[in-house]
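K.L.:
Have a look at this one.
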Amino acid sequence: HADQAMYEAKSRGRNNLRFFSLAIKEAMSQRVMLARDLKAALEKNELRDYYQPIVSLNTGKIVKAEALMRWQHPERGLISPALFIPVAEETGDIVAMGNWIFSRAVAHASKWQPLVGEAFAISVNKSPVQFVDPQRFHHDWGKILQDNALAGKHLVVEITEGLLLNPDPVVEQRLLYYRDLGIQVAIDDFGTGYSSLSYLSKFDIDYLKIDQSFTRNLNAGNESYVLCEAIIVMAHKLGLKVIAEGVETALQRDLLMDIHCDFAQGFFYSPPVPAEAFEQMLVQQSRQEAALLQG
Ligand code: C2E
Ligand code: MG
Ligand code: MG
Ligand code: MG
């Protein structure tokens with residue numbers, strides 16, 4: 001019996017090991033495959049720009065949008081950026097991909113801005129890798145804005161806290177470059193990165209985006225509520241506006257309104273959708289407004 005048990009344990013161990021190394025191999029080959037296919041994805045027109053509405057909590061209107069990348073893979077279907085962005089950051093493809101989605105956002109912002117008004121802006125996520133890329137200043141966003149007759153203020157660049165702790169002077173240069181073009185800056189996933197808040201006074205920031213992990217746990221008076229409230233009070237005193245991410249319920253929206261949050265984004269309003277669908281939402285919204293004004 002002891003021998004039998006020993007034998008079973010050993011073979012289980014071996015099997016576990018085999019299973020384990022198979023899983024690693026699979027994960028690795030998936031990464032290699034993603035990296036290889038990603039190279040061609042941009043040229044083959046497989047990348048998609050989706051847009052998620054950002055709603056003003058003062059008016060209940062869609063006033064902004066976040067551009068989010070999707071990959072329409074010919075065999076695997078729609079792939080999440082959580083899977084392919086880290087791979088693109090490793091291979092460096094994120095630079096070309098980031099420029100692509102930024103151009104799409106510029107074109108769409110110039111088309112959609114008149115439907116909404118002066119406050120309209122599309123925000124685009126910028127990977128830290130894009131900030132330290134040697135090609136970084138070869139893209140003339142000033143010209144691209146001009147060609148699209150778009151004021152820079154209709155664009156927001158979303159960065160994460162970690163980037164602002166990078167002492168490389170290029171980070172500040174890049175932020176000043178955006179500032180000169182009038183492009184706004186948001187801190188994404190605020191509250192999840194670092195406890196140092198000194199960068200908020202060092203850099204010129206326009207928005208804090210409260211991370212979904214806070215929004216998800218919001219309940220009247222609980223810890224997340226207190227943290228959100230404190231973030232909003234601080235932000236407002238520093239002259240920043242606050243966007244809550246991951247709003248999924250009416251209760252979360254109501255609580256955020258109680259503590260004077262400026263904007264909300266989340267499945268409660270809409271998931272990210274293709275450009276045509278987002279445009280339909282804006283058209284419908286402006287029709288409703290026109291009807292209200294007439295009636
Ligand atoms: P993020 O910038 O924080 O974007 C918000 C994410 O939350 C999006 O995931 C969005 O679909 C999701 N989300 C929105 N509302 C809700 C909600 O109510 N509940 C829940 N559970 N989730 C919600 P997505 O599109 O999968 O993107 C994931 C991350 O990938 C983004 O996080 C961003 O860091 C990165 N990413 C996406 N597109 C780009 C891009 O064009 N460039 C770069 N560099 N990164 C991107
Ligand atoms: Mg974002
Ligand atoms: Mg993010
Ligand atoms: Mg976020």
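K.L.:
Would it be correct to say that residue 90 is out of contact with any Ser or Thr (no Cβ under 7 Å at 6 or more places or on another chain), among the acidic types (Asp, Glu) and not in a helix (DSSP H, G or I)?
P.N.:
no
K.L.:
Within region 255-295, which residues are acidic (Asp, Glu) and under 23 Å from the mean Cα position of the chain (by Cα)?
P.N.:
262, 276, 279
K.L.:
Scan 187, 144 and give me the residue that is within 16 Å of ligand 3 (Cβ to nearest atom) and of a type in the set (Val, Ile, Thr).
P.N.:
On inspection, the qualifying residue turns out to be 187.
K.L.:
Now a separate question. Looking at 47, 78, 42, can you tell me which residue is over 20 Å from residue 185 (Cβ atoms), modelled with pLDDT under 95, surrounded by 16 or more Cβ atoms within 10 Å (Cβ to Cβ) and within 13 Å of ligand 1 (Cβ to nearest atom)?
P.N.:
Being over 20 Å from residue 185 (Cβ atoms), modelled with pLDDT under 95, surrounded by 16 or more Cβ atoms within 10 Å (Cβ to Cβ) and within 13 Å of ligand 1 (Cβ to nearest atom) holds for just one of 47, 78, 42, which is 42.
K.L.:
Could you tell me whether any residue of region 51-61 is outside any helix (DSSP H, G or I), without any contact (Cβ under 8 Å) to a residue 24 or more places away in the chain and within 29 Å of residue 250 (Cβ to Cβ)?
P.N.:
Scanning region 51-61, I find at least one residue that is outside any helix (DSSP H, G or I), without any contact (Cβ under 8 Å) to a residue 24 or more places away in the chain and within 29 Å of residue 250 (Cβ to Cβ), so the answer is yes.
Rundown of residues vs (1) under 28 Å from residue 253 (Cβ atoms); (2) away from ligand 4 (no atom under 16 Å from the Cβ), yes/no style:
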{"residue": "141", "(1), (2)": "no, yes"}
{"residue": "147", "(1), (2)": "no, yes"}
{"residue": "153", "(1), (2)": "yes, yes"}
{"residue": "167", "(1), (2)": "no, yes"}
{"residue": "174", "(1), (2)": "no, yes"}
{"residue": "192", "(1), (2)": "yes, no"}
{"residue": "215", "(1), (2)": "yes, no"}
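K.L.:
Examine region 266-288 for a residue that is closer than 30 Å to residue 201 by Cα and modelled with pLDDT of 95 or more, and state whether such a residue exists.
P.N.:
Checking region 266-288: at least one residue is closer than 30 Å to residue 201 by Cα and modelled with pLDDT of 95 or more.
K.L.:
Sort out which residues of region 50-75 are acidic (Asp, Glu) and modelled with pLDDT of 90 or more, and write them in order of number.
P.N.:
66, the sole residue that qualifies.
K.L.:
Going through region 241-252 one residue at a time, which ones are in contact (Cβ under 8 Å) with a residue 24 or more places away in the chain, out of contact with any strand residue (DSSP E or B) (no Cβ under 6 Å at 6 or more places or on another chain) and away from ligand 2 (no atom under 14 Å from the Cβ)?
P.N.:
Correct list: 248, 251, 252.
The values are calculated or read from the model by the stated rules, or taken from the named source; none is laboratory data. As the structure is a prediction and not an experimental result, all values here were calculated from the model. Methodologically, a virtual Cβ is constructed for each residue, glycine included, from the backbone with ideal geometry; neighbour enumeration extends over all protein chains shown.
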